[in-house]
Structure formats: C-alpha cells, structure tokens
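Let me begin by presenting the structure, written as structure tokens, before commenting on it.
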Amino acid sequence: MPGGNIVECDLEITDGIISGFEPEVSAGKEIDAKGAFVLPGIVDIHTHGIGHNSTSDGNLKDYAEFEAKKGATAFVPTFFAPPATIAEQMRRHRRETDELGLLPQVVGFRLESPYLDHAGGGLSGDTTEINRNITEMLLDAGGGHIKIWDISPDLPGAADEVAYISSKNIICSIAHTFATIEQARAAVDSGARLVTHLFDTFQSPPHVKGGVYPVALTDYLLVEDRVTCEIIGDGTHVDPILVEKTFRCKTDARTVFVTDSNLGAGLAPDRYTLPGGWGDVMIAGPNDGVRLVDRDMGLSGSALTPIDSFRNAIQLFGKDMGTASSVCSETPAKLLGLNKGRIEKGMDGDIIILGPELDLKYTISGGSVIFKA
C-alpha cells in the first residue's frame, strides 16, 4: 500500500487497472493469496540478457517469459554494441513485436553504448565519439521507443548532446566516465537525470597532499539531488557499505536497484557454454556474477534477476519490504513516467505475489497471470 504499509485486504483489478481494496470482494476470477505478500511488479530498467536470452541475439518474447518467471512486469532491453549493430537490433525487435505492442512488459529500449569514454566490461569497438548523424540514425532506428540513453560527460560535445537527447523525452544517464565534477555538473545542467550503476566504471582519484581525502565524482553524484542513482545490488559489484552510503544520501526515492543482467543470469549454479562468443562461464549463484572460466574466472557481468535484486534489498542490505519495493518498482516506474510501481487505485494491475519466504508465486501484468509457480 502507499507508504510501504502492509495491510490485509482483497485487491481488485478491473480491465487491467487496480480498482479497489476491500475487506472482501467477489470477482469472476480469484487468486487465493492468503498468508502471502502482494506487491507491485518489479521494473528492471537495465538488462542485457537473462538465462540463454540476450538483447543482441535472442527474441524478446522468450526474454519476457524469463523476466516474468523472475518477477518483472516491466523491463527495458539494454544494448551494448557498435552503433550500426544497435540500430539493426532495435529494428529487428520492433518488427518481431509489432512495435513492442505484442509485449507490454517491454516499456522501451536503452542504449548503454556507443557514447562512452571507456567500455568497462564491453568491447572498445562498441564505443565512438559523439556524432549528431549517429544520434539521428539511432533515434530513427528506435522508432520512438528509446527511453534511456547512457553518455559519458567527459566526451567532447557531451553536454550539448545530453540537451538534445533529453529534448526528445529520453532520460540521459551518466555512465562509464572519468569525468571531472565540473563536466558531470554540466551534463546535469543540460538534463542528465540518471547515473548508470554507480561506483561501477567510475574511478576515484588517488590520495594527495599527505593523505587528504580527495573528492570524487561519485561524491558529487551522491549529493546531486537532480539525479537518481542505479545500484547493482548483489554485494559483489558494490560493497554493502557503499550501498548503505547511497541509501543515506539518495534515499529510496532516488535509488534504483538494477540487475544489469547478462547471459546466464537466473540459471542454476553450474558451468555453461553461452552463445554470442561468451564461451564457458561459471554461475555460482545470483550474487557472484557471471564468471569467465577461460579468463581466470573474471567477472563478466551480473547474474542477478529482478526477484534476486528485491530479496537482496531485504536479506543482504537490511531494508524493509516497503523500501525494497520502492527501489525495485516505484522509483524506476516514476523515473520512466509509467503508471506502475505502486498498489493504488488507478494504477496498472502489475503485481507479484510472494510467499512468506519471499518465493515468487505469481507474476501478474495488467491483471493477467504471466507466471505461476
């Protein structure tokens, strides 16, 4: 319920919209959730792959089914590739889904590349200098479905491009950067409103002047009220102390838990051969990441799924259920301007039902069951 309160009542969904809460309602179709928790569906705004599906090689129908099995009622497929490849991937997904109309879970696209200072876990060939012709080509390929666009503020022309992309009602996110605080502030002044996986692919300056603590870009972003910060909440990508620091600075109103999931996320612990040139990987669990066997078990991405992210907020980082729901559902939904993320009259009927041990029982999108355990 609003404010994170837990109440015992019946919830009614009519024509895909939450229509009321009563001590008892009668309906044509009922789900007995007595003893369970009914929560807003999870909104995952940063995901590259899940299971054996990826945004680059797979199809979004299978992707959406796996996301539903893991509690997501809305997600944003995220692309990391050279510009021409991203363009073709977006066009293909648009064709296969009738402009996303066949998959209401897919609420838009996200471009993590190409405008990055450094690729991080990606390939250097996936990045390029800012070029308005490339921007226009990608906007055209996205067909109006691009919702988030990552950009490094230290690239030449970054502030102007942030202003231009933001004018298209696209959220610009500060990412993969060694920018100065002045460069980052210029991007925020130009409209940037999100920070991509805070602490990951950001560099802290060395201590100078006899050990005086230097101010880092992440320090500025934590106190900049105009931006929301993403966290990969597995305890591996970001230490729990830094997660707590983020909560104390940004609160749950400006903190979003993302999976940043890659191929292999959600698979049972084992060794796998994944497509797309990934080769052999080891999955030890959702919080250990996807590890490359032939590269000294190096971390190649996140193995989180949406429901893992929600559980971690409670079990790993010590937050209450309302806060966990906020960072996994309400805050990302508000960021994207979605009518989701809260259980209130008039909101979309996107909910999950969890057992007492936070095991997923149902995922419901627009009042329709899309996963049942």
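The values are calculated or read from the model by the stated rules, or taken from the named source; none is laboratory data. Since this is a predicted model, take the numbers as computed values, not measurements. Virtual Cβ from ideal backbone geometry, glycine too; neighbours counted across all protein chains shown.
Taken as a whole, the structure leaves residue 47 outside the set of residues that are hydroxyl-bearing (Ser, Thr, Tyr), modelled with pLDDT of 95 or more, in contact with a strand residue (DSSP E or B) (Cβ under 8 Å, 6 or more places away or on another chain) and farther than 14 Å from residue 109 by Cβ. Within the stretch 144-162, being part of a loop (DSSP other than H, G, I, E, B), at negative phi and within 22 Å of the chain's Cα centre (by Cα) holds for 145, 152, 153. Would you mind stating whether residue 233 is in contact with a helix residue (DSSP H, G or I) (Cβ under 8 Å, 6 or more places away or on another chain), closer than 23 Å to residue 172 by Cα, crowded, with 23+ Cβ neighbours inside 10 Å and not hydrophobic (A, V, I, L, M, F, W, C)? Spelling it out, residue 233 is indeed in contact with a helix residue (DSSP H, G or I) (Cβ under 8 Å, 6 or more places away or on another chain), closer than 23 Å to residue 172 by Cα, crowded, with 23+ Cβ neighbours inside 10 Å and not hydrophobic (A, V, I, L, M, F, W, C). Quick check on the stretch 323-347: of everything there that is within 11 Å of residue 40 (Cα to Cα) and more than 19 Å from the chain's Cα centre (by Cα), which residue is surrounded by the most Cβ atoms within 10 Å (Cβ to Cβ)? Out of the qualifying residues, it is 343. Filtered by the rule that a residue be among the aliphatic types (A, V, I, L, M) and at pLDDT 90 or above, the stretch 19-39 gives 36, 38, 39. The set of residues in the stretch 281-302 that are at negative phi and modelled with pLDDT of 85 or more comprises 281, 282, 283, 284, 286, 287, 288, 290, 291, 302. Annotation note: Cβ proximity below 8 Å between a residue of the stretch 351-368 that is free of Cβ contacts under 8 Å to residues at least 24 places away in the same chain and a residue that is surrounded by fewer than 18 Cβ atoms within 10 Å (Cβ to Cβ) and part of a loop (DSSP other than H, G, I, E, B) (sequence gap 6+ or interchain) occurs for 359/373.
In the stretch 321-335, is there at least one residue being without any contact (Cβ under 8 Å) to a residue 12 or more places away in the chain and within 29 Å of residue 144 (Cα to Cα)? Yes - at least one qualifying residue is present in the stretch 321-335.
Can you tell me how many residues in the stretch 286-306 are out of contact with any Pro (no Cβ under 7 Å at 6 or more places or on another chain), surrounded by 19 or more Cβ atoms within 10 Å (Cβ to Cβ), touching a residue at least 40 places away in the same chain (Cβ under 8 Å) and outside any helix (DSSP H, G or I)?
Initial filter on the stretch 286-306 (out of contact with any Pro (no Cβ under 7 Å at 6 or more places or on another chain)): 286-302, 306.
Checking the rest, the ones that are also surrounded by 19 or more Cβ atoms within 10 Å (Cβ to Cβ) come to 286, 289-291, 300-302, 306.
With touching a residue at least 40 places away in the same chain (Cβ under 8 Å) added as a condition, the list becomes 286, 289, 300-302, 306.
Among the residues that remain, those that are also outside any helix (DSSP H, G or I) are: 286, 289, 300-302.
Counting residues in the stretch 286-306 that are out of contact with any Pro (no Cβ under 7 Å at 6 or more places or on another chain), surrounded by 19 or more Cβ atoms within 10 Å (Cβ to Cβ), touching a residue at least 40 places away in the same chain (Cβ under 8 Å) and outside any helix (DSSP H, G or I) gives 5.
Listed here are the residues, each with its yes/no results for (1) among the acidic types (Asp, Glu); (2) closer than 15 Å to residue 198 by Cβ; (3) in contact (Cβ under 8 Å) with a residue 40 or more places away in the chain; (4) not in a loop (DSSP other than H, G, I, E, B).
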{"position": "235", "(1), (2), (3), (4)": "no, yes, yes, no"}
{"position": "241", "(1), (2), (3), (4)": "no, yes, no, yes"}
{"position": "244", "(1), (2), (3), (4)": "yes, yes, yes, yes"}
{"position": "263", "(1), (2), (3), (4)": "no, no, yes, no"}
{"position": "272", "(1), (2), (3), (4)": "no, no, no, yes"}
{"position": "281", "(1), (2), (3), (4)": "no, no, no, yes"}
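From the list 179, 141, 187, the one residue that fits, being assigned to a helix (DSSP H, G or I), out of contact with any strand residue (DSSP E or B) (no Cβ under 8 Å at 6 or more places or on another chain) and either small (Gly, Ala, Ser) or surrounded by 19 or more Cβ atoms within 10 Å (Cβ to Cβ) (or both), is 141. Can you confirm whether residue 154 is farther than 30 Å from residue 95 by Cβ, among the charged types (D, E, K, R) and either surrounded by fewer than 20 Cβ atoms within 10 Å (Cβ to Cβ) or touching a residue at least 12 places away in the same chain (Cβ under 8 Å) (or both)? Judged against the criteria, residue 154 is a match. Inspect the stretch 307-315 for any residue being crowded, with 18+ Cβ neighbours inside 10 Å, among the acidic types (Asp, Glu) and within 26 Å of residue 103 (Cβ to Cβ) and give the result as yes or no. Yes.
Among the listed residues 258, 223, identify the single one that is in contact (Cβ under 8 Å) with a residue 12 or more places away in the chain, within 30 Å of residue 172 (Cβ to Cβ), crowded, with 22+ Cβ neighbours inside 10 Å and hydrophobic (A, V, I, L, M, F, W, C).
Numbers: 223 fails: crowded, with 22+ Cβ neighbours inside 10 Å.
Criteria check complete, one pass: 258.
All conditions in (1) surrounded by 15 or more Cβ atoms within 10 Å (Cβ to Cβ); (2) without any contact (Cβ under 8 Å) to a residue 40 or more places away in the chain; (3) over 18 Å from residue 132 (Cβ atoms) hold for residue 211, with the sole exception of (1). Could you please find all residues in the stretch 263-285 being surrounded by 14 or more Cβ atoms within 10 Å (Cβ to Cβ), under 20 Å from residue 58 (Cβ atoms) and of a type outside the set (Gly, Ala, Ser)? Answer for the stretch 263-285, where residues must be surrounded by 14 or more Cβ atoms within 10 Å (Cβ to Cβ), under 20 Å from residue 58 (Cβ atoms) and of a type outside the set (Gly, Ala, Ser): 263, 267, 272, 274, 275, 278, 281, 283. Every condition in (1) farther than 30 Å from residue 350 by Cα; (2) more than 19 Å from the chain's Cα centre (by Cα) is met by residue 268 except one, and the failing one is (1).
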